[in-house]
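Every number in this text was worked out from the coordinates using simple rules, so none of it is lab data. It should be emphasised that the depicted structure is a prediction, and the values quoted were computed from it without experimental measurement. Backbone-built Cβ (ideal geometry, glycine too); neighbour counts: all protein chains shown.
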Amino acid sequence: MRALVWNGEALRIVPDYPQPKPPVGEALIQVLMAGICNTDIEITRGYLGFTGILGHEFVGTVTEINDDDQSWIGKRVVGDINCACAQTDCVYCNQDLGRHCSQRTTLGIVNRDGCFAEYLTLPVRNLHEVPAAVSTRMATFTEPLAAGFEILEQIHIASTDKVLIVGDGKLGLLINHALTTTGAAITQVGKHPHKLALAQANGCETVLLDAKTQSRLAQQFDVVIEATGSAGGFNFSLACTRPRGKLILKSTIAASHSIDLTPLVVNEITVIGSRCGLFSPALSYLASGAELTPLVSHVFPFEQSIQAFTVAKTKGELKVLLDFSSSDQSSSE
Ligand SMILES: [Zn+2]
Ligand SMILES: [Zn+2]
């Protein structure tokens with residue numbers, strides 16, 4: 001099968017990558033569409049040291065099941081990217097927190113080939129059927145949108161809270177969608193007028209970043225979400241959090257950076273790291289008719305995935321999707 005492989009030095013399309021065979025309990029899934037995430041780009045900068053097939057945001061069709069329950073065959077699915085041990089003595093798996101299982105592999109990120117290929121395998125228990133009302137293109141947003149809804153699994157946001165989302169990229173705008181369900185007053189700050197316009201269309205206040213923004217927004221917000229994807233976002237976000245407020249960190253980046261922790265102590269700020277979320281709230285939100293089409297910048301056929309990566313890295317772009325259905329399907333193995 002064809003696959004987009006990162007070997008630690010370069011990205012290339014491998015035409016004859018071995019097609020995976022699903023182990024017991026897993027499904028073989030033919031990929032229909034996949035999304036390029038900042039995490040994929042960070043991996044090509046050294047994040048987590050992963051090598052193999054990249055990609056973790058996908059929609060596909062189940063073609064084979066190595067399990068008794070064959071009812072999944074032919075279904076259009078998305079899949080939780082964290083593959084946990086599911087053992088009864090695992091403290092995380094026992095609490096439905098497989099995304100923290102110490103034995104886990106993660107699709108296209110840790111010890112498991114990803115979805116930028118014609119086929120992938122995932123445990124059957126990770127699968128979620130895509131509701132008929134949700135298009136394949138919209139369903140590719142399930143995984144990053146679930147990461148937005150994860151914030152609401154971790155903290156309660158009251159409708160009276162003032163919330164700031166720092167960053168107007170893909171993740172920042174998906175977090176915007178997730179948090180609008182709380183009824184709280186949301187402000188989004190970023191560098192791109194055309195991206196902030198999408199937050200505005202969602203009923204939110206927006207602030208275009210300039211030299212005076214930080215002093216104007218200082219200590220104004222009960223909850224601040226850092227989603228800039230860059231090392232510099234932390235200090236800005238911390239400065240905007242009011243004393244006793246909550247600061248949620250969403251950026252996963254390869255670069256390390258030094259930070260001054262004193263304001264955290266002085267202002268008694270609660271800092272919460274936040275990563276992957278449950279798929280069901282995201283799928284329900286998509287099925288309710290949420291319109292995320294403006295978040296798609298480009299759709300490339302899989303053959304052009306190297307070019308798609310270059311575009312995805314360009315400042316100002318939003319989600320870049322890879323379409324496998326428009327590709328030549330002649331290769332089978
Ligand atoms: Zn991602
Ligand atoms: Zn486990």
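Here are a few things to note about the model shown:
- Here the contact order of the range 26-175, divided by its residue count and restricted to Cα pairs under 8 Å and six or more residues apart, works out to 27 percent.
- DSSP beta bridge pairing in the chain, given as percent antiparallel to the nearest 5: 55
- Cut-off 10 Å between beta-carbons: net charge of the residues surrounding GLN188, Lys and Arg +1, Asp and Glu -1: -1
- Counting beta carbons within 10 Å around each of TYR119, TYR92 and listing the fewest first gives the order TYR92, TYR119.
- Taking a ≥ b ≥ c as the square roots of the eigenvalues of the alpha-carbon gyration tensor, the range 153-287 is classed rounded because a/c is under 1.5.
- Taking Cα centre as origin and charging only the Cβ of basic (Lys, Arg, +1) and acidic (Asp, Glu, -1) residues, the dipole magnitude of the chain rounds to 1040 debye.
- Normalised by 2.2 N^0.38 Å, where N is the number of residues, the C-alpha radius of gyration of the range 85-156 stands at 1.27.
- Helix axis angle, 142-154 relative to the chain longest principal axis, alpha carbon, degrees: 50
- Listed from fewest to most Cβ neighbours within 10 Å, the set THR314, THR105 follows the order THR314, THR105.
- Taking a ≥ b ≥ c as the square roots of the eigenvalues of the Cα gyration tensor, the range 1-118 is classed as oblate, since a/c reaches at least 1.5 and a/b does not exceed b/c.
- Dipole magnitude (debye, nearest 20) for the range 208-290, charges at Cβ of Lys, Arg, Asp, Glu: 100
- Considering only PHE116, THR63, THR314, the residue lying farthest towards the positive end of the dipole of the chain is THR314, judged by Cα position with unit charges set on Cβ.
- Within the shell of other residues whose beta carbon sits under 9 angstrom from the beta carbon of VAL78, the net charge comes to -3, with Lys and Arg scored +1 and Asp and Glu -1.
- Once C-alpha pairs closer than 8 Å and six or more residues apart are averaged by separation and normalised to the residue number of the chain, the relative contact order reads 18 percent.
- Sorted fewest first by neighbouring Cβ atoms within 10 angstrom, VAL299, VAL130, VAL78 come out as VAL299, VAL130, VAL78.
- Charge sum, other residues only, whose C-beta stays under 14 Å from CYS204's C-beta, Lys/Arg counted +1 and Asp/Glu -1: -1
- If you wrap the chain in the convex hull of its Cα atoms and look at it from every side, the mean projected area works out to 17.0 nm².
- Counting only Cβ charges, +1 for Lys and Arg and -1 for Asp and Glu, the dipole size of the range 112-154 around its Cα centre is about 60 debye.
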